[in-house]
2 protein chains.
Amino acid sequence: MIIRRTASLLLAPLLLGAASPDPAPAVPSPSEIVAAAPAGDWVDIAPSDLLLIDVKTGRDGTGRIVIQLLPAPFSQGWVGNIRRLAAAHWWDATSINRVQDDYVVQWGDASEKKPVPAGLAVVPQSGYEQAYDPAMFDRWWIGGHDLPAPYVAKGHLPAPTPPAPIVADPYAQYYAFSGGFAFGVSARQSATSTEQRLAPDRVWPLHCYAMVGVGRDLPPDAGTGAELYAVIGHAPRQLDRNIALVGRVVSGIERLSSLPRGTGPLGFYETAGERVPIVSVRLASDLPEGERPHLQYLSTDSASFARYAAARANRRDPFYLRPAGGVDICNVPVPVRKRP
Amino acid sequence: MIIRRTASLLLAPLLLGAASPDPAPAVPSPSEIVAAAPAGDWVDIAPSDLLLIDVKTGRDGTGRIVIQLLPAPFSQGWVGNIRRLAAAHWWDATSINRVQDDYVVQWGDASEKKPVPAGLAVVPQSGYEQAYDPAMFDRWWIGGHDLPAPYVAKGHLPAPTPPAPIVADPYAQYYAFSGGFAFGVSARQSATSTEQRLAPDRVWPLHCYAMVGVGRDLPPDAGTGAELYAVIGHAPRQLDRNIALVGRVVSGIERLSSLPRGTGPLGFYETAGERVPIVSVRLASDLPEGERPHLQYLSTDSASFARYAAARANRRDPFYLRPAGGVDICNVPVPVRKRP
């Protein structure tokens, strides 16, 4: 086995970031930290933010994929279109038409001729990112520099100087979490200070595994949300800010990622018989209470999340010999569970 | 569609890294650059470095997965064991036993009782990485700082100062390619110079998509190579230098990545009936010439590869509005093709 987990490790003391005595006591794995998180660290996802896609696959019969929609203010033009398309039952009897290995699964109207409801928003390229808003900060957790010791930034960010950020890559200067999602954050020199301070500038969601976006043709405003895709491979971060993201698959991603790959260009299925029928797409809030899924995400403001993220960056559970000392932001997926 | 490619773009001029006139002419996508690479930029993979796994899946009948083994000096203890196991037909009638979404597919002897051939090497933890050897350099291509303008480092590396590296993450200081694979490189202050120079120190392969590694229990030398896994999700780079890598799936990864996910702990299949039978595992060199696959990788020393990598870091084909200006090393997979 690659990873061995022992239940008794849950009882072991936490030593996150601290110098380990010799021999180092066992410390919990990220999933053990999540399993031990108290009820108060979990946040219910509103039924109006859950999009339920029921598909018919040869392998499993009918199965459900659940998408958590991005919270305001992100991508709300497209998210609003998606709510209208679901309310109009527009996707019923459409299909999954494209499965490209290590990239995306894409669904919508295979004929590309089905008219969409009148009045869908046309969202310009500027909708791919948001201006930073200080009001965002109370519920944000900035992970650019100090993942093991999170802090709420008070209007400025530390300059990107050594020691190296624990989360670093060429795609963004900083990262933050909010509402169950990770975001990239750019920064600019603060105009109001002569000190070496950086002010958060633009904020955008990230193309990590299981993220859901809006297919489009060449014009940046061409996508309505009727054509959607989900990431099923290594994070294609080059798409960040080049296409709209609208949510994340929080349940059933394996129903998409295990589909047969399409053999046509870009992984499109070459015959109608290969397409995967979509039975219905609904918001959970449009279903009777008894039929709704009840999902929760681990609050990114919580101590449990901080511990989880630190453990992702520095695996000290017994299998690991050499903690990395850092982590790719897409290797810190926000944990989701069924409400107990 | 997420990405639209037009064949006529192949004729457009290259403008990699140059300031674009307004309006910018269309430039090729990474796959168009690869398609246009001259024959001399492709390197045959030796049949003795290709491991062929024939499996029986419910969906496709019998299918083949091809793994390119890591070149010397990397992981050669385990690679040698794998050659012996294949020669002994040890994997015949074993199975794929684990498929964990966004992580790995794992195969070997489900009973964990089948004896391995006598005399397999026991490789210590030190085998997870190699000391940098200056002789490596002639065929290395250091991509830490100047992916668009590659150079062969002459015994030293540029210090990690601004401008930011085009390839950067928290897992390694530098990256290099050799023999069709990407490697992480650590650096230390050069002892022979008072200048700000860094000397390459340790070198190790990376857990990118489709990489193949050696399952093990807790002791770092516990894995023989009989139990193997392939990465089928976002790169689990936390495993780098914590477990041995031995190669990369260069053909047929979709046969692994599209398998049903296991429902047991860690994605293990819960019943024998779910396991995917392995019919045979052979080195291509052990097959008659007429039955061998003939594969090539794009030389990482070639101008085509430099152009390809630069295009991965700065998409300027028409779909893209905002080139990233950098790239995750695992988003620069070395292209492989059938020999024409």
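The values are calculated or read from the model by the stated rules, or taken from the named source; none is laboratory data. Worth saying up front: this structure is predicted, and the values here are computed from it rather than measured. Positions of Cβ are backbone-derived with ideal geometry, glycine not excepted, and every protein chain shown enters the neighbour counts.
Here the condition is being under 30 Å from residue B:41 (Cα atoms) and in contact with a strand residue (DSSP E or B) (Cβ under 7 Å, 6 or more places away or on another chain); of B:244, B:235, B:226, B:303, it holds for B:244 alone. Of the set (1) modelled with pLDDT of 95 or more; (2) of a type in the set (A, V, I, L, M, F, W, C); (3) touching a His at 6+ places or on another chain (Cβ under 9 Å), all apply to residue B:78 but (3).
Yes or no: the stretch B:172-181 includes at least one residue that is buried (at least 20 other Cβ atoms within 10 Å of the Cβ), modelled with pLDDT of 95 or more, out of contact with any Gly (no Cβ under 8 Å at 6 or more places or on another chain) and not polar (S, T, N, Q). No, there is no match, as no residue in the stretch B:172-181 is buried (at least 20 other Cβ atoms within 10 Å of the Cβ), modelled with pLDDT of 95 or more, out of contact with any Gly (no Cβ under 8 Å at 6 or more places or on another chain) and not polar (S, T, N, Q). In the set (1) modelled with pLDDT under 95; (2) in contact with a helix residue (DSSP H, G or I) (Cβ under 9 Å, 6 or more places away or on another chain), the condition left unmet by residue A:87 is number (1).
Going by the conditions given, is residue B:168 surrounded by 24 or more Cβ atoms within 10 Å (Cβ to Cβ), at pLDDT below 75 and either among the acidic types (Asp, Glu) or in contact with a strand residue (DSSP E or B) (Cβ under 8 Å, 6 or more places away or on another chain) (or both)? Outline the logic, then answer.
Details: surrounded by 24 or more Cβ atoms within 10 Å (Cβ to Cβ): yes; at pLDDT below 75: yes; either among the acidic types (Asp, Glu) or in contact with a strand residue (DSSP E or B) (Cβ under 8 Å, 6 or more places away or on another chain) (or both): yes.
So residue B:168 passes the test.
The combined condition, being among the polar types (S, T, N, Q), without any contact (Cβ under 8 Å) to a residue 60 or more places away in the chain and either within 13 Å of residue B:278 (Cα to Cα) or more than 14 Å from chain A (Cβ to nearest Cβ) (or both), is not fulfilled by residue B:68. Which members of the stretch B:276-292 meet the condition of being over 22 Å from residue B:61 (Cβ atoms) and either within 14 Å of chain A (Cβ to nearest Cβ) or under 23 Å from the mean Cα position of the chain (by Cα) (or both)? If the condition is that a residue be over 22 Å from residue B:61 (Cβ atoms) and either within 14 Å of chain A (Cβ to nearest Cβ) or under 23 Å from the mean Cα position of the chain (by Cα) (or both), then B:283, B:285 are the ones that fit. Taken together, A:226, A:235 contain a single residue that is at pLDDT 95 or above, more than 22 Å from residue B:232 (Cα to Cα) and part of a loop (DSSP other than H, G, I, E, B), which is A:226.
Could you list, in sequence order, all residues of the stretch B:297-315 that are part of a loop (DSSP other than H, G, I, E, B) and within 11 Å of chain A (Cβ to nearest Cβ)? Walk me through how you get there before you give the answer.
As a first pass, look at the stretch B:297-315 and keep what is part of a loop (DSSP other than H, G, I, E, B): B:299-302, B:314-315.
Answer for the stretch B:297-315, where residues must be part of a loop (DSSP other than H, G, I, E, B) and within 11 Å of chain A (Cβ to nearest Cβ): B:314, B:315.
Every test in (1) on the phi < 0 side of the Ramachandran plot; (2) within 14 Å of chain A (Cβ to nearest Cβ); (3) within 21 Å of the chain's Cα centre (by Cα) is passed by residue B:102 save one, and that test is (1). Determine whether residue B:62 is modelled with pLDDT of 95 or more and closer than 21 Å to residue B:262 by Cα. When the stated conditions are applied, residue B:62 does not pass them. For the stretch A:302-321, a residue qualifies if it is small (Gly, Ala, Ser) and under 15 Å from residue B:241 (Cα atoms), and exactly one does: A:313. Among the candidates B:262, B:290, the residue that is small (Gly, Ala, Ser) and assigned to a loop (DSSP other than H, G, I, E, B) is uniquely B:262. Considered as a group, the residues in the stretch A:231-275 that are surrounded by fewer than 18 Cβ atoms within 10 Å (Cβ to Cβ), without any contact (Cβ under 8 Å) to a residue 60 or more places away in the chain and more than 19 Å from residue B:319 (Cβ to Cβ) include one that is nearest to the other protein chains (Cβ to nearest Cβ), and that residue is A:263.
Tell me whether the stretch B:96-113 contains one or more residues that are farther than 26 Å from residue B:252 by Cα, touching a residue at least 24 places away in the same chain (Cβ under 8 Å) and exposed (fewer than 15 other Cβ atoms within 10 Å of the Cβ). Among the residues of the stretch B:96-113, not one is farther than 26 Å from residue B:252 by Cα, touching a residue at least 24 places away in the same chain (Cβ under 8 Å) and exposed (fewer than 15 other Cβ atoms within 10 Å of the Cβ), which makes the answer no.
Could you please let me know if residue B:282 is closer than 20 Å to residue B:82 by Cα, in contact (Cβ under 8 Å) with a residue 12 or more places away in the chain and part of a strand (DSSP E or B)? Working first, answer last.
Numbers: closer than 20 Å to residue B:82 by Cα: yes; in contact (Cβ under 8 Å) with a residue 12 or more places away in the chain: yes; part of a strand (DSSP E or B): yes.
The answer is yes for residue B:282.
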